[in-house]
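The values are calculated or read from the model by the stated rules, or taken from the named source; none is laboratory data. Bear in mind that the values here come from a model prediction, so they are computed numbers and not experimental data. We place every Cβ from the backbone using ideal geometry, glycine too, and count neighbours over all the protein chains shown.
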Amino acid sequence: MANLDDLYREIILDHYRTPRNRGELPPPAVRTEGYNPLCGDELVVYLDIHDGVLVDIKLTGHGCSISQASSSMMSAAVKGKTVDEVRAAIERFKQLMTVHESSLDGDAEPPVADIHTMGELAALQGVVKFPVRIKCATLAWNTLSQGLDDTYGVQGTGSK
Amino acid sequence: MSSYSPRRVRDDTPLLNREINGRPITYLDSASSTLPPRPVIEAMSRYYELRHANVHRGVYQTAVEATDVYEGARAATARFINAPRGVDEIVFTKNTTEAFNLLAKSWGAAHLKAGDVVLVTEMEHHANIVPWFQLRDQIGIEVRFVPVSDDFRLDVSGLDRLLEGVKLFSFTAASNVLGTRNPVKELTRIAHDHGALVALDAAQSVGHQPSDVVDLDVDFFCFSAHKMLGPTGLGVLWTRAAILESMPPFLGGGGMIADVRVDGYVPANGPTRFEAGTPPIAETAGLAAAIRYLEGLGLENIARHEEDLTADALKRLANEFDGRVRIIGPADAVDRGGVLSLDVDGVHPHDVAQVLDQFGVCVRPGHHCAKPLMRRFNLAATARASFGPYSLTTDTDVLLEALESAVTMFG
């Protein structure tokens, strides 16, 4: 049985109560909207990118504790990183949120190779035990990915 | 003679024997879907075990019996809502949503033209909004909304003006978010005075109070079997036979034709004109069983019981959380169904529902397919608890215990 404590880790509740990088960025920052049509959550991600580096990121919108904490943690994790690094972080996070057959069949932990390199984000690993909530955790990341796609083309990073 | 005991309904409902997270299930999501009692499940099993064949086709024994099951359910449905011309007025659809699509795409496209107005309300389910927007985009009708007031009821102060030029007033008998029951007969009379037809979304009322299309005097009546202890996959559109005859076919294919040649087709008459392809047959057996079961309980009795449950729950929710739990809906149990949309201060509805699940409590978080209404009250979502004929005050006890835990956890 999935335990509620696996989902609502203290660090997640902390990010929910005091979200990081809230606010807007003026143009020419990239502005991207994300929606979760099932629950009505809405999110806007602002990206300030200079010379292939994500200099600043801000978020507005509303959602549940998982979506708010995930977006807050995401902003802290990717701020100051190169677009290449941000793309890689998105990929790693999507890996983390993948439901593996073994975890549906039994209690086996999903095989995530580099969980230790993910810092606070690893606290969101418990979300996969609550498959309905995965969309909450990935909303911000998909919106960030969309913002980069809008800027550089699908999966583009601007680097040669 | 009816004999209604919610405890007996509980005993009849197998799913209520389940445990969730080590606790007995507390099912408070009947506004989404009601739980079928054993007679409904058995009617569908028996159909597949003994009678299954395609309908309206074969002459062999089981094909005749399958057709009897299907057409018998149509007769039971006609009786259940008091359709004046009986089976000739009952169209089986997939659900309430398809019934409204049929209404908009067949009746609407044939009888409305650019500039004609369809009036709906701000408390409608998307099923009674989007098909009209689609028709607007196709032929240029106008879609107008009756506003909802701060006391969660329709604001009818400007209704006479809103009804100007209206060909159809399409509204819900009861809000799936607020619980509000609308004054159907009064609204219908006013609409008819303005020359408009009336369509009623009865999805939220049909399993909780008596339905009589003659008494209500509406012109269209849409509902789903799974909101009245029946199975999913089956809905109903009722309309007066004269109107039905004026409606062109909706989906094309087998079963809905009188003749097909290489240069065209002739549609069938009556309800089958709208029932293309092999229909859900076992589900109609389930619906007929649900109707008999509900008639045995007595819908007036169910309405009274749910009103008592609602009055008790409203009082306790208002008293026990120091104002941290707000009801998005009328605060007293008058003209109101057993739907309790909760806004918990500082706790997102998804998180409320997640914590409640730990207690085995099933509620629905989200916008409930009523986004215009949610926007009206500046909400993205609510956590909605709703009662059915099997609900008891003990369900409210567990709800309050679990809510306390959610409030503490995110406090």
field: Qualifying residue in the range B:299-315 (condition: surrounded by fewer than 20 Cβ atoms within 10 Å (Cβ to Cβ) and at positive phi)
entry: no
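May I ask you to say which residue of A:Leu54, A:Leu59 is under 14 Å from A:Trp141 (Cα atoms), at pLDDT 95 or above, touching a strand residue (DSSP E or B) at 6+ places or on another chain (Cβ under 8 Å) and not aromatic (Phe, Trp, Tyr)? Outline the logic, then answer.
Working: A:Leu54 fails: under 14 Å from A:Trp141 (Cα atoms).
Every option except A:Leu59 fails the conditions.
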task: Pick out the one residue from B:Leu340, B:Leu400 that is farther than 23 Å from A:Gly34 by Cβ, of a type in the set (A, V, I, L, M), touching a residue at least 40 places away in the same chain (Cβ under 8 Å) and part of a strand (DSSP E or B).
output: B:Leu340
message: Filter the range A:77-91 down to the residues that are more than 10 Å from the chain's Cα centre (by Cα) and over 18 Å from A:Asp149 (Cβ atoms) and list them by number.
response: A:Lys79, A:Gly80
statement: Scanning the range B:319-333 for residues that are farther than 21 Å from B:Ala380 by Cβ and either in contact with a Lys or Arg (Cβ under 7 Å, 6 or more places away or on another chain) or among the hydrophobic types (A, V, I, L, M, F, W, C) (or both) gives B:Pro330, B:Ala331, B:Ala333
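Select from the range B:369-389 the residues that are surrounded by 24 or more Cβ atoms within 10 Å (Cβ to Cβ) and in a loop (DSSP other than H, G, I, E, B) and write down the one among them that is farthest from the other protein chains (Cβ to nearest Cβ).
The first filter runs over the range B:369-389 and keeps only residues surrounded by 24 or more Cβ atoms within 10 Å (Cβ to Cβ), leaving B:370, B:373, B:381-389.
Add one more test, that the residue is in a loop (DSSP other than H, G, I, E, B), and what stays is B:370, B:381, B:387-389.
Values: B:Ala370: 10, B:Ala381: 5, B:Phe387: 23, B:Gly388: 23, B:Pro389: 28 Å.
Only one residue fits best here, namely B:Pro389.
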- request: Report, by residue number, each residue of the range A:21-59 that is surrounded by fewer than 16 Cβ atoms within 10 Å (Cβ to Cβ), assigned to a loop (DSSP other than H, G, I, E, B) and either within 14 Å of another protein chain (Cβ to nearest Cβ) or out of contact with any Asp or Glu (no Cβ under 8 Å at 6 or more places or on another chain) (or both).
  value: A:Gly23, A:Glu24, A:Pro26, A:Pro27, A:Pro28, A:Pro37, A:Leu38, A:Asp51
field: Check on B:Gly115, touching a residue at least 40 places away in the same chain (Cβ under 8 Å) and surrounded by fewer than 19 Cβ atoms within 10 Å (Cβ to Cβ)
entry: yes
Of residues in the range B:343-362 being away from chain A (no Cβ under 11 Å) and surrounded by fewer than 24 Cβ atoms within 10 Å (Cβ to Cβ), the one farthest from the chain's Cα centre (by Cα): B:Asp345
- line: Selection over the range B:203-218 where residues are farther than 20 Å from B:Leu287 by Cβ and either at pLDDT below 95 or assigned to a loop (DSSP other than H, G, I, E, B) (or both) yields a count of 2
Residues located in the range B:123-165, provided they are crowded, with 20+ Cβ neighbours inside 10 Å and within 18 Å of B:Asn176 (Cβ to Cβ): B:Met123, B:Glu124, B:His125, B:Ala127, B:Asn128, B:Ile129, B:Pro131, B:Trp132, B:Val146, B:Val148, B:Phe152, B:Leu154
query: Taking the condition in contact with a helix residue (DSSP H, G or I) (Cβ under 8 Å, 6 or more places away or on another chain) and without any contact (Cβ under 8 Å) to a residue 24 or more places away in the chain, does B:Asp351 pass?
result: no
message: Can you list residue pairs whose Cβ atoms sit under 8 Å apart, with the first residue in the range A:90-103 being closer than 17 Å to A:Leu7 by Cβ and assigned to a helix (DSSP H, G or I) and the second being among the β-branched types (Val, Ile, Thr) and at pLDDT below 90? Count only pairs 6 or more apart in sequence or on different chains.
response: A:Leu96/A:Val112; A:Leu96/A:Ile115; A:Leu96/A:Val128; A:Ser103/A:Val128
